[in-house]
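Structure, as structure tokens:
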Amino acid sequence: MAEVFKMSDKAGQAKGLPRHIAIIMDGNGRWATKRGLPRTAGHKAGAETFRRIATYCKNIGVQYLTVYAFSTENWKRSADEVGAIMGLLKKYLLEAVDTMEKDHIRLHFFGDMTPISPELRALAHETDEISAHLPEGDFQANVCLNYGGRDEILRAVREFSAQCAAGEKRPEDLDEALFSSYLDSRGIPDPELIIRPSGELRLSNFLLWQCAYSEFYFTDALWPDFDEAELDRAIASYQKRDRRFGGVKK
Ligand code: IPE
Ligand code: IPE
Ligand code: MG
């Protein structure tokens, strides 16, 4: 295992391995176009990269990996492309149902599942049930599907205001911890590290609340080309950061 993963350095936990890594899996289309292939071939290759990187994260001891798979804005794409992405998700979920228990991988979804096909929703429900039976310390992958940071915040606000209107909650009860408990990421620590491949320098509506103090790592590698060495570089870069959280260095 690479030197960068040793947690016993003087700086201790803060400089150690991130407990939660989040990745914007971007660049599939450009990867395919560069090869003269249809964009869907890029999504297929990108799905394999997800499998590989999730396994690597689990093996090196990262506890949570959150990946952006399909945004609330990605419905703007052609029906063919959207259909291909949903088809890949189905394939991987069917596989996950068979293997996650044995591999000790918990799987969870972030996003508004209401416009997702009943078939995929049923599979997601099944993976949730399996995850609930696995120990909480097991590696957990969160797949963001029909996810938007703004949509997540709006859904939280709607739920909280409905509870206020019903007399179950009071506006003055709301603090950061309570608000977080209405988000898709409830119970999960904020990501220490957010990675975006493909050379784009933006968040594209990803984890807007949770990224308040995340460290960012951008790379030109397209997601299907992203590999273990690239993740090592991202973690090594994170470990060199000075995280002050608004304070002053002692
Ligand atoms: C990311 O790759 C996957 C999704 C957004 C679903 P893209 O499909 O955005 O690939 P590029 O950015 O066009 O290369
Ligand atoms: C962000 O990538 C969404 C996912 C990776 C799922 P996009 O390709 O949709 O983002 P933009 O359009 O470049 O901002
Ligand atoms: Mg893109």
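Using the Cβ-Cβ distance between Asp242 and Glu129 with R0 set to 45 Å, the FRET efficiency from 1/(1 + (r/R0)^6) comes to roughly 0.60. Measure out, as a whole number of angstrom, how far apart the alpha-carbon centroids of the stretch 180-228 and the stretch 73-87 sit. Using only Cα atoms to place each centre, the spacing works out to 22 Å.
Each residue in Ser131, Ser204 was given a count of other beta-carbon atoms within 10 angstrom of its own, and listing them fewest first yields Ser204, Ser131.
Under 5 Å between amide hydrogens, built in the peptide plane, is the criterion, and for Met25 it picks out Tyr68 among residues at least 5 positions away or on other chains. The relative contact order of the chain, computed from alpha carbon pairs under 8 Å that lie at least 6 residues apart in sequence, is 28 percent.
In the chain, a dipole from Cβ-located charges (positive for Lys and Arg, negative for Asp and Glu) runs towards its positive end, and of Tyr217, Thr72, Thr114 it is Tyr217 whose Cα lies farthest in that direction. Counting 0.36 nm for each residue step from Arg150 to Leu37 and taking away their Cα separation leaves a gain of 37.4 nm.
So which of Lys58/Lys102; Lys44/Lys76; Lys34/Lys240 end up more than 23 Å apart, counting from Cα to Cα? Over 23 Å apart, Cα to Cα: Lys34/Lys240. Loop-located GluC sites (Glu not before Pro) across the stretch 135-164 with a Cβ neighbour count of 12 or fewer within 10 Å are Glu136, with loop assigned by DSSP.
Under 17 Å from a label point set 7 Å out along the Cα-to-Cβ vector of Leu174, the amide N atoms of the stretch 121-156 belong to 150-156. The slack between Glu101 and Ala122, meaning 0.36 nm per residue of separation minus the straight C-alpha distance, is 5.8 nm. Between the amide H of Glu215 and those of Leu193, Ile194, distances stay under 5 Å, these residues lying 5 or more places away or on another chain, with hydrogens modeled in the peptide plane.
Each residue of the stretch 45-54 is assigned a 3J(HN,Hα), and the resulting list reads 5, x, 5, 5, 4, 4, 4, 5, 6, 5 Hz, derived from the Karplus form 6.51 cos²θ - 1.76 cosθ + 1.60 (θ = phi - 60°), x at Gly and Pro. The charge dipole of the chain, taken about its Cα centre with unit charges on the Cβ of Lys, Arg, Asp and Glu (plus for the first two, minus for the last two), comes to roughly 800 debye. At an R0 of 30 angstrom, the distance between the Cβ atoms of Ile60 and Cys164 translates into a FRET efficiency of 0.10.
Averaging the sequence gap over all C-alpha pairs within less than 8 Å and six or more residues apart, then dividing by the number of residues, gives the stretch 168-250 a relative contact order of 27 percent.
Taking a ≥ b ≥ c as the square roots of the Cα gyration tensor eigenvalues, the stretch 48-202 comes out prolate, since a/c reaches at least 1.5 and a/b is larger than b/c. Taking label positions 7 Å along the Cα-Cβ direction at both Val82 and Asp227, the computed distance is 3.6 nm, reported to one decimal. Please work out whether the stretch 180-250 counts as rounded, prolate or oblate from its C-alpha gyration tensor, where a ≥ b ≥ c are the square roots of the eigenvalues and a/c under 1.5 means rounded, while otherwise a/b larger than b/c means prolate and anything else oblate? Judged from the Cα gyration tensor, the stretch 180-250 comes out oblate (a/c at least 1.5, b/c at or above a/b).
Every number in this text was worked out from the coordinates using simple rules, so none of it is lab data. It should be emphasised that the depicted structure is a prediction, and the values quoted were computed from it without experimental measurement. Glycine also receives a Cβ, built like all others from the backbone with ideal geometry; neighbour counts cover every protein chain displayed.
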